[in-house]
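**Student:** Sharing a structure here in C-alpha cells format.
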Amino acid sequence: MKVLIDTNIILDVFIKREQYYKLSASVLRLCGTQLTGCIIASQTTDIFYMLRRCGKDTQAAKDILKKLTGNLKVLGINAADVQAALVSEMADYEDALLACCAKRQRAEFIITRNEKDFILSQVPALSPQMFLEQKYKGADAK
C-alpha cells in the first residue's frame, strides 16, 4: 500500500510533539516494511527549515532527512503537478501540490493530522489514528 505522509506527521516524530508523537511514530514505523511511505521532494526543504527553527543544528537536520529518506520514497514534482495545484480549489497551495502528486503517483491515502485541508483531494486523507484503526486494526499503535 502506498501512502503519502504529510509534513506534520514527520515533524510530530522528529520534534517529538508530545500529544501526536505516538500515533505518528506508529505510522512511520510501518513505512518501508508494511507500507510504501512517500513524501514529495518539496517537503524536504520544509522539514529541514522547521527542524532548524525548532532548535536542531544543520548537521542534525541533515541526519534526520537522511534517515527519513532512507525509509520513505521521495517523489518528484513535475510541471503538470504544479499547474494542477495552482488551479485546484484547495485553499493551501502546498496541500494542493501534495494532493496532486498523491493522485499522479496513485497513493491510496494521504496521512495527515489536517484531514479537513484535504477534503477536496481526490486521494482520501486520514489521521494517523484513523489509518491505524481502519487499515491496520490498530497494529503498532500501542
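**Student:** Select from segment 52-80 the residues that are aliphatic (A, V, I, L, M) and under 14 Å from ALA41 (Cα atoms) and list them in ascending order.
**Tutor:** LEU65, LEU68, LEU72, VAL74, LEU75, ILE77, ALA79
**Student:** Among the candidates ILE15, ILE39, ILE5, which residue alone is modelled with pLDDT under 95, aliphatic (A, V, I, L, M) and at negative phi?
**Tutor:** On the way: ILE39 fails: modelled with pLDDT under 95; ILE5 fails: modelled with pLDDT under 95.
So the residue among ILE15, ILE39, ILE5 that is modelled with pLDDT under 95, aliphatic (A, V, I, L, M) and at negative phi is ILE15.
**Student:** Are any residues in segment 1-26 assigned to a helix (DSSP H, G or I), aliphatic (A, V, I, L, M) and within 10 Å of the chain's Cα centre (by Cα), and if so, which ones?
**Tutor:** From segment 1-26, those assigned to a helix (DSSP H, G or I) are 7-14, 18-26; that's our starting set.
Subset that is aliphatic (A, V, I, L, M): 9-11, 13, 23, 25.
Matches in segment 1-26: ILE9, ILE10, LEU11.
**Student:** Something else now. Residues of segment 30-43 being surrounded by fewer than 17 Cβ atoms within 10 Å (Cβ to Cβ) and either within 18 Å of ILE64 (Cβ to Cβ) or touching a Phe, Trp or Tyr at 6+ places or on another chain (Cβ under 7 Å) (or both), which ones?
**Tutor:** Selection gives GLY32, ALA41.
Per-residue answers, yes or no, for (1) within 14 Å of ASP6 (Cβ to Cβ); (2) of a type in the set (A, V, I, L, M, F, W, C); (3) more than 15 Å from the chain's Cα centre (by Cα); (4) modelled with pLDDT under 95:
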position	(1), (2), (3), (4)
VAL74	no, yes, no, no
ALA85	no, yes, yes, no
ASP95	yes, no, no, no
PHE118	yes, yes, no, no
GLN134	no, no, yes, yes
ALA139	no, yes, yes, yes
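**Student:** For segment 94-122: of the residues being of a type outside the set (A, V, I, L, M) and under 13 Å from GLN43 (Cβ atoms), which is surrounded by the fewest Cβ atoms within 10 Å (Cβ to Cβ)? Break it down into steps so the answer makes sense when it comes.
**Tutor:** Initial filter on segment 94-122 (of a type outside the set (A, V, I, L, M)): 94-95, 100-101, 103-106, 108-109, 112-118, 121-122.
Then keep just the ones that are under 13 Å from GLN43 (Cβ atoms); that gives 94-95, 101, 112.
Working: GLU94: 16, ASP95: 22, CYS101: 27, THR112: 23.
Out of the qualifying residues, it is GLU94.
The values are calculated or read from the model by the stated rules, or taken from the named source; none is laboratory data. Small disclaimer: the values here were computed from a predicted structure and weren't measured. Here Cβ is always computed from backbone atoms with ideal geometry, including for glycine, and neighbour counts include all displayed protein chains.
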